[in-house]
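Engineer: Sending over a structure as structure tokens; questions will come in a sec.
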């Protein structure tokens, strides 16, 4: 699903974002992203959503070289990436149900079946009974579950989770991890940034470890080797700073709150509806007429 081929990104005048990183994330994997502040995690994510482009090498997502992707198709790429943030980023003046619905609206996916879809996702994350509750009426763990529901309601092929358990107690954190694991089991690829080494060790999944822009994959496919002696795991993960700056900047107009806009898609909303109808021939929604609390397997394409 995701390939980085000898990727280098240098910020002027000479700051290394990533340096000759080569790795491969398979469709349906659950992969951890770790590394200290400034290690290249923000750059990794920005390249992944084509907010920036590499100075060298190729970034391939869903079989497409992002450098060759036409600008009008970039929204399709981003629409298929769900994001979960450490600080939830819920709309405070909307209920849990409305927060989930809004993710469908801003990505141009609102249909007659949207209310049913949103209700099913809330049941899936165990919050069907809290659908009418506002964020301030929910616990931290419940708010994070709403955040996950919002990110997953469009059933993206890729889900990026930035420290989703960072503000939660161990028991609640385990519940969130189990939920992400269930989502991953449907076929959605999960990339999770965390500083919780115990969690990483317990989950026994592949790890992308970044340090000073260079990467190493632990427990799977080979990545570009780093100089000997550098630890493959360090604390201090915070990959979303640059990305969140952009999301918050767009949110200031009051159109959409950070984290709900699926990485800045609000300005493409109307156009996406037309493009989606053109690309899929107006095909009807399918796969959601299932009992509450169930997941459907995701096998749709990434970019039309």
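The values are calculated or read from the model by the stated rules, or taken from the named source; none is laboratory data. Computed from a prediction, not measured in an experiment: that's the story for all the values here. Don't worry about glycine lacking a Cβ; one is built from the backbone with ideal geometry, like all the others, and counts go over all protein chains shown.
Engineer: State yes or no: is residue 149 crowded, with 22+ Cβ neighbours inside 10 Å and modelled with pLDDT under 90?
Structural biologist: Criteria not met by residue 149.
Engineer: Go through region 67-90 and give me each residue that's modelled with pLDDT of 85 or more and surrounded by fewer than 20 Cβ atoms within 10 Å (Cβ to Cβ).
Structural biologist: Those that are modelled with pLDDT of 85 or more and surrounded by fewer than 20 Cβ atoms within 10 Å (Cβ to Cβ): 67, 68, 69, 70, 71, 72, 73, 74.
Engineer: Okay, moving on. Do you know which of the residues in region 160-191 that are under 15 Å from the mean Cα position of the chain (by Cα) and assigned to a loop (DSSP other than H, G, I, E, B) is surrounded by the fewest Cβ atoms within 10 Å (Cβ to Cβ)?
Structural biologist: Here the residue is 187.
Engineer: Please state which one of 35, 62 is in contact (Cβ under 8 Å) with a residue 12 or more places away in the chain, closer than 24 Å to residue 207 by Cβ and crowded, with 20+ Cβ neighbours inside 10 Å.
Structural biologist: Result of the check over 35, 62: 35.
Engineer: So if I check each of 119, 103, which one is over 20 Å from residue 4 (Cβ atoms), touching a residue at least 60 places away in the same chain (Cβ under 8 Å) and in contact with a strand residue (DSSP E or B) (Cβ under 9 Å, 6 or more places away or on another chain)?
Structural biologist: 103
Engineer: Which one is farthest from the chain's Cα centre (by Cα), of the residues in region 121-139 that are surrounded by fewer than 16 Cβ atoms within 10 Å (Cβ to Cβ) and closer than 14 Å to residue 175 by Cβ?
Structural biologist: Step by step, filter region 121-139, then rank; the result is 139.
Engineer: A further question follows. Please list, ordered by residue number, the helices (runs of 4 or more DSSP H) wholly in region 62-127 having 3 or more residues that are at negative phi and touching a helix residue (DSSP H, G or I) at 6+ places or on another chain (Cβ under 6 Å).
Structural biologist: Helices (runs of 4 or more DSSP H) meeting the threshold: 96-106, 114-124.
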